[in-house]
2 protein chains.
Amino acid sequence: MYIEKIKSPADLKQLDIKALQLVADETRSAVLNRVSKHGGHVGPNLGFVEATVALHYVFNAPKDKFVFDVSHQCYPHKVLTGRASGFLGDVEDMNAISGYSSPAESPIYDNFEVGHTSTSISLATGLQKARDIKGTNENIIAIIGDGSLSGGEAFEGLDEASELGTGIIIIVNDNEMSIAENHGGIYKNLRALRESKGECQHNWFKSWGFEYKYLEEGNDIEKLIEVFKSVKDTDKPTVVHIHTEKGHGFKPAVENKEAWHWGMPFNPADGSRPAGPSFESYEELFSNWMLKEMKNDPTLIAVTAGTPAAAGFSPAKRSEAGKQHIDMGIAEEQAVAMASGMAKGGLRPVWTVYSTFIQRTYDQIAQDLCINSNPAVINVMWGGCGTMNDITHICLFDIPMLTSIPGLIYLAPTTCEEYFAMMKWAILQDRKPIAIRVPSNGVNHTSEKIETEFSFESKYKVVKKGSEVAVIAAGSFFQKGENVVKMLAGKGINATLINPRYLNEVDKQTLDSLKADHKLVVTLEDGCKDGGFGERIASYYGTSDMKVLVGGIKKDLYDRFDVNKLLSDNRLLDEQIVEDILAIVRA
Amino acid sequence: MYIEKIKSPADLKQLDIKALQLVADETRSAVLNRVSKHGGHVGPNLGFVEATVALHYVFNAPKDKFVFDVSHQCYPHKVLTGRASGFLGDVEDMNAISGYSSPAESPIYDNFEVGHTSTSISLATGLQKARDIKGTNENIIAIIGDGSLSGGEAFEGLDEASELGTGIIIIVNDNEMSIAENHGGIYKNLRALRESKGECQHNWFKSWGFEYKYLEEGNDIEKLIEVFKSVKDTDKPTVVHIHTEKGHGFKPAVENKEAWHWGMPFNPADGSRPAGPSFESYEELFSNWMLKEMKNDPTLIAVTAGTPAAAGFSPAKRSEAGKQHIDMGIAEEQAVAMASGMAKGGLRPVWTVYSTFIQRTYDQIAQDLCINSNPAVINVMWGGCGTMNDITHICLFDIPMLTSIPGLIYLAPTTCEEYFAMMKWAILQDRKPIAIRVPSNGVNHTSEKIETEFSFESKYKVVKKGSEVAVIAAGSFFQKGENVVKMLAGKGINATLINPRYLNEVDKQTLDSLKADHKLVVTLEDGCKDGGFGERIASYYGTSDMKVLVGGIKKDLYDRFDVNKLLSDNRLLDEQIVEDILAIVRA
C-alpha cells in the first residue's frame, strides 16, 4: 500500500503517473472506509481525489499554501498529509481526525479552520498580501466548489484577488452541484464554459480580470498535473476551472449526488444503510405541513439557501411545491433580503436555516428585514447543544444574536403542537418579522390546549403555579425544566414552571408577579448564556431582592464536545440544577 | 417653478423634453439647496438627477417599483414624489424628510428603508417573485451604483435575479466612484464596458445571463428616456448600465468627488465651508499614529472597506501608506477574512469600521477570524449614541454582537492615551483577535500613567476605591461615571469607580471583591443594554445579595433621535443615574 508510507506530500514527488493513480485509488478507498464507518462528506471528497493527488504532486506544501473552501473536499488532502490514520482502520481511530480543515490538527498543512462556505478566496487573499509584502514567492491556492461560489463572500474575495493583481491560483472545482442542485445566474456561465471547453464568448472570470484555464477531465491525474504545472508560480490572478464528477468512483454517490453529499455510515459494498429506528423529525413534519398549507395559500413560499434538507424539502417535495419553494444556493444574505421583499410584495415567505448559518445574515435581518417590519418568518433549525458539534458548526449562538436585533420577535416553542400553532400565527400575521426556534430535543407532543393567537408583546405562560422557586425553561430546555420542577417537588419545594415562549423581550408583568412569593428565579436556555435570554431576566431583577440563577452554556470555542460533559461542565444536568437551587434557597 | 407643482410623477408625463430639462435643473437646485443648508449626500444625488426625471417619466410609480441601493441617490426621487418641501426653503423644513429611502415617510413611493449598501437587487428580487406569483405585470427596477456593486449581497442578488429569469431592470449607475475610489476586479470590466460603449469581449452581466444595454450619456434626459423605454415591460432580467458624472452640475463636487460624496453645510456659490472650531479627532490621531508606526514596521497594514475616512485615511495619507493601506471597496466580509489571512501570514492588519457596519461581518468575525485565533485588530469607530442617528445607521449594537462571539477580546478605552496603549498592545501581540471600541465622546486626555501591557483575561481597573456603591463605567461612558461618582460624593456616598476596559467577559475577581463592602453595582455602557455588557454583570451577581443597576439604552428601533432625549428616556442623564442610585441605597 502506498498511502501508509506517504508521510508528507514530498513522498509523492518521486512517483510516476501509474503509481500516482494507485495512490489515488487507495486514497479513494480510505475515504470510503471512513465515511462508511464514521459518516461524513462523501460525494465532494470522492470527486476531488485525483485533483488532490495532482495538487500535492505539482505544488510544494507546506511552502505553497492551500485554502479549502468549506473543506467538504479536504479528506484526500488529510490522507496525504500525515493523517491517513483517520481514514484507515476502525472508527475508533477516526475520531482524532476532524472532518474539516484544521490547523489545530495540522498546523503545517492546514491553514485555516473552515466549515462555513465561500470563505476560501478571501482568506487566501490575506496570504497573498502577506506574501507580497514579505517578498516571498510561495503559491497561494484557493480551492472552491461551484456550489460555494454563490455566497457573497466568495464574490468579494474574487473581486479583491483580481484587484491585488499578483499571483493567486483559484481552483474552481465544478462538479455541477451544490449540496443540492445549483441556483443562480453564475451557473449559466459555468455551463457555457463547460460546454464550450472554456471558449464561450462571455467568460465571467476573464471579465473580472483573471487568467483562465479550463480542464474538462477533472478526474484525470495526468491532465490535472499538466494544467496545474502550467499555472504554477504564476504572477497573475488565475482561475483553473476543472470539471469533476461528484462521488467519482462510487456508483451510488454518482447516481444520487444530493443524497450522498453527506451521510451517516453505510455498507460500502452497495451503499445501503441499516434501517434504524424511525423517529418523527421536524424536517419531515414541517415540510409536510407546509405542502398542505401551500395548497390553500398560493402566497406561502418555502425559502431555503443551499440546504433544502433543513426544511425537509427533498427533491420530491421541492417538485411538489413548484414555484412555492425557492432555493437561493448558498446565499443566506439573499435569502433574508428576498424574503423581506417577498413579504413586502404580499407573499408569506418562511426561510428555514440551521442555527449555525443564521449568523451569516446579521445585517440583512437587522436592515433588510427588521427596520422594514416586513412579516417574513425565519424557521431556525437545530439551535442548541444536541445537534452539530464541530467548532465551525456550533449551534449555540442564535439566541444572543437574534435577541439583540430590534424589531424581531423570537419564539421558542416547547412542543410540536405549540410549534405549528406559532408557525401558523407567524405566517398569517402581517406586522412583524418573526423567528421561531424549532425544538432540537426531539419531537415532544402535548395534549394540552394550545393557544392559536399570540401577542406581539412578550407573554410568558405559567404552566404550573407554585412558590419560592420559579423555573423559566425556554424551548428545547423546557422538558429539562419540567424534570427539575418534579425533582424539586420530591425535595419539598413546590416550584413554579414557566414556558416563556418569547426570547426577545422579558415579560415584565409575569416577572413582577413572581416577586410576591418567590425568592429565586432559575432560567434555562439551550444555548450560549452570554448575551442570551436569562441575562435579561437577571438584569431586570437586578435592583430587586429576587435572586436569579442563569442556566445556559458559557460562551467559549467548543469543538466536537460530548453533550453530557458540556451540560455537566455548565451545571446543566437536571440533578446539578436541583442541587444548585437547593444550595441557594436553603442557604 | 415646475417642481413646486409636481405632486407626483404623473405630473411629469405631459411635459416635453425641454420642460423635463427644466424640472431636472430645478431638482438639482433643490438638492443643492438642501445639502448646502442641511448637509447630506451631495455627489451621488447630483449625478442622478437626469436619470431620476427620466425614470419617473418612463415608468409609472407607484405601480412600478423602484428600489434604491444605499439610497444616497434618492433625493431627486423625493423631490418628484411629493417631498419637495424637504429640499426647498429653509433648514427647519428639511428635517421632516430623511436622507434615505423611507416607506415610513412615503409608503407609496419608497419601498424599503435603506441605508446600508448592496441590498437593492436582493430586495427587488423579492418584489419580482411576488409579482410573478401574483401574476401582475409591474416593472421592478433596482438602482445600484458601481460602488455598491462590490458588496457580497449585491452579487447574491444579481445571481438570483438572473436565476428567476423574469423581468427585472437593474440600473447600474456608473459614476466611476464608490464613496472613495473603487477597488476590485469588477471595475476592470465596468471600465472595459465604458471604453467599448458596452461592446467589449467579456461582458460580466451577459456572462451571468442578463440582457444588457449601455448608455454613455447618463446625464442626458432624452437618451435616458430612450434607453429606459427600450427595456420597459421587459420579461427578462436586464441590466441598464449608464455612465453618469458624480456631482454633475456643481463644479466643486465634480472636481473633488470623494470630498463631496457627503458633507456638512456649505456655501453653494463656491463650495466653501466656514472654518468651524477645530477639535481633535480620533480619525486624525489614528491615521497619524498608524503612518508613524508603519515606517518602523512594514508588516503593519491599515485595512478599510469603502470608508477610508473612518480611519482618517485621506487620499494623501493613503498615498503615503502605499502598500500598507488596503481598501476593499464596500466589502466588509472580505475585509475581515482577508485580515485574518494577513495575520495568519505574519502581517499586523488593523481594520477600521464604523459600528453600524460591523454587523455586516458577524459570520466572518466568528468563523474566519475567531475560531482561527488570528491576531487581527478591529478598530470600531463611532460606537455609541452620540454619532449617527438615522434608523439605518444606529451605532448601538456592536457591544451585544461582538461580546457574544467566542474568542474575541473587546476593549473599551476611556482616554486617548489608553486607546493608543491598547492599540499598540493589540497590534504587537500574536495570540488573539482583538477589537477596540474607540471612544465616541470626543478625545479625552489623561496624565495618569497608562499600562502598556494588557491581559488576555478580563481585568477591570479600580480607578477610585470607595464603598457601598460601585460604578462600572465603560468606554465613552467612563466620563459619565466620573461625574456620577463626583455627584454621589456630594450626597455623602463615597462610591467606587471602575474602568472595566474589557467588554467581552466579566472580571470575576474584581466583582467578587466588591461583595465585601458594596451593596449596589451600577453599570454604564454607551450602547444597547439588551445582550450587552451590564447584563453579564447582573447575571454574575444573580445569586448573590449584590444589587445591580444596568445602565444602557433599551433595544428598540430608533430613528433620528435627539441624544439628550434618548439618554433621558433611558434614565442615563447624570442626575437621573444619581437619583436612581439614591433611591436604591436609601430604600
Among helices (runs of 4 or more DSSP H) entirely inside the range A:268-380, those with 2 or more residues being away from chain B (no Cβ under 12 Å) and either farther than 25 Å from B:PHE155 by Cα or at pLDDT below 95 (or both) are A:282-296, A:315-321
Here the residues within the range B:60-82 that are open to solvent by less than 10 Å² (accessible area, probe 1.4 Å) and among the basic types (Lys, Arg) are B:LYS78
Restricting attention to the range B:558-587, the residues that are more than 14 Å from chain A (Cβ to nearest Cβ) and not in a helix (DSSP H, G or I) number exactly 3
Answer yes if at least one residue in the range A:236-251 is open to solvent by 30 Å² or more (accessible area, probe 1.4 Å) and within 14 Å of chain B (Cβ to nearest Cβ), and no otherwise. yes
Within the range B:85-97, residues being open to solvent by 10 Å² or more (accessible area, probe 1.4 Å) and either small (Gly, Ala, Ser) or touching a strand residue (DSSP E or B) at 6+ places or on another chain (Cβ under 9 Å) (or both) number 3
Considering only helices (runs of 4 or more DSSP H) wholly within the range A:31-135, the ones with at least 2 residues that are over 21 Å from A:TRP262 (Cα atoms) are A:49-58, A:120-134
Could you tell me whether B:THR136 is open to solvent by 10 Å² or more (accessible area, probe 1.4 Å), under 16 Å from B:VAL70 (Cβ atoms) and modelled with pLDDT of 95 or more? no
If we ask which residues in the range A:547-557 are within 8 Å of chain B (Cβ to nearest Cβ) and either in contact (Cβ under 8 Å) with a residue 40 or more places away in the chain or in contact with a Ser or Thr (Cβ under 9 Å, 6 or more places away or on another chain) (or both), their number turns out to be 6
Exactly one of A:GLU195, A:GLU211 is out of contact with any helix residue (DSSP H, G or I) (no Cβ under 7 Å at 6 or more places or on another chain), open to solvent by 30 Å² or more (accessible area, probe 1.4 Å), more than 7 Å from chain B (Cβ to nearest Cβ) and farther than 23 Å from A:ASP64 by Cβ, and that one is A:GLU195
Scanning the range A:516-546 for residues that are of a type in the set (D, E, K, R) and touching a Phe, Trp or Tyr at 6+ places or on another chain (Cβ under 8 Å), the one farthest from the other protein chains (Cβ to nearest Cβ) turns out to be A:ASP526
Here the qualifying pairs (Cβ atoms under 7 Å; residues six or more apart or on different chains; first in the range A:321-349 and at positive phi; second assigned to a loop (DSSP other than H, G, I, E, B) and surrounded by fewer than 24 Cβ atoms within 10 Å (Cβ to Cβ)) come out as A:GLY346/A:THR299
Within the range A:381-395, residues in contact with a Ser or Thr (Cβ under 9 Å, 6 or more places away or on another chain), outside any strand (DSSP E or B) and more than 9 Å from chain B (Cβ to nearest Cβ) come out as A:TRP382, A:GLY383, A:GLY384, A:CYS385, A:GLY386, A:THR387, A:MET388, A:ASP390, A:HIS393, A:CYS395
Taking the stated definitions as given, is A:TYR109 touching a strand residue (DSSP E or B) at 6+ places or on another chain (Cβ under 9 Å), surrounded by fewer than 24 Cβ atoms within 10 Å (Cβ to Cβ) and modelled with pLDDT of 95 or more? yes
Contact list, first residue from the range A:1-24 and modelled with pLDDT of 95 or more, second anywhere and hydroxyl-bearing (Ser, Thr, Tyr), beta-carbon distance below 6 Å, six or more apart or interchain, is A:LEU12/A:TYR57; A:LEU22/A:TYR2; A:VAL23/A:TYR2
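Table: residues versus (1) closer than 22 Å to B:VAL578 by Cα; (2) open to solvent by 10 Å² or more (accessible area, probe 1.4 Å).
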{"position": "B:GLY475", "(1), (2)": "yes, no"}
{"position": "B:ASN483", "(1), (2)": "yes, yes"}
{"position": "B:VAL506", "(1), (2)": "no, yes"}
{"position": "B:THR523", "(1), (2)": "yes, no"}
Within the range A:129-144, residues being within 34 Å of the chain's Cα centre (by Cα) and more than 7 Å from chain B (Cβ to nearest Cβ) number 8
Note on B:ARG34: of the conditions (1) open to solvent by 30 Å² or more (accessible area, probe 1.4 Å); (2) at pLDDT 95 or above, unmet is (1)
Filtering the range A:549-579 down to residues that are crowded, with 18+ Cβ neighbours inside 10 Å and over 19 Å from B:PRO406 (Cβ atoms) yields A:LEU549, A:ILE577, A:VAL578
How many residues of the range A:383-414 are open to solvent by 10 Å² or more (accessible area, probe 1.4 Å) and without any contact (Cβ under 8 Å) to a residue 60 or more places away in the chain? The answer is 4
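The values are calculated or read from the model by the stated rules, or taken from the named source; none is laboratory data. Because the structure is predicted, anything quoted here is derived from the model rather than measured. Virtual Cβ from ideal backbone geometry, glycine too; neighbours counted across all protein chains shown. Note: accessible area is taken over every heavy atom of the protein model, side chains too, but ligands, DNA and RNA are not part of it. Shrake-Rupley method; radii C 1.70, N 1.55, O 1.52, S 1.80 Å.
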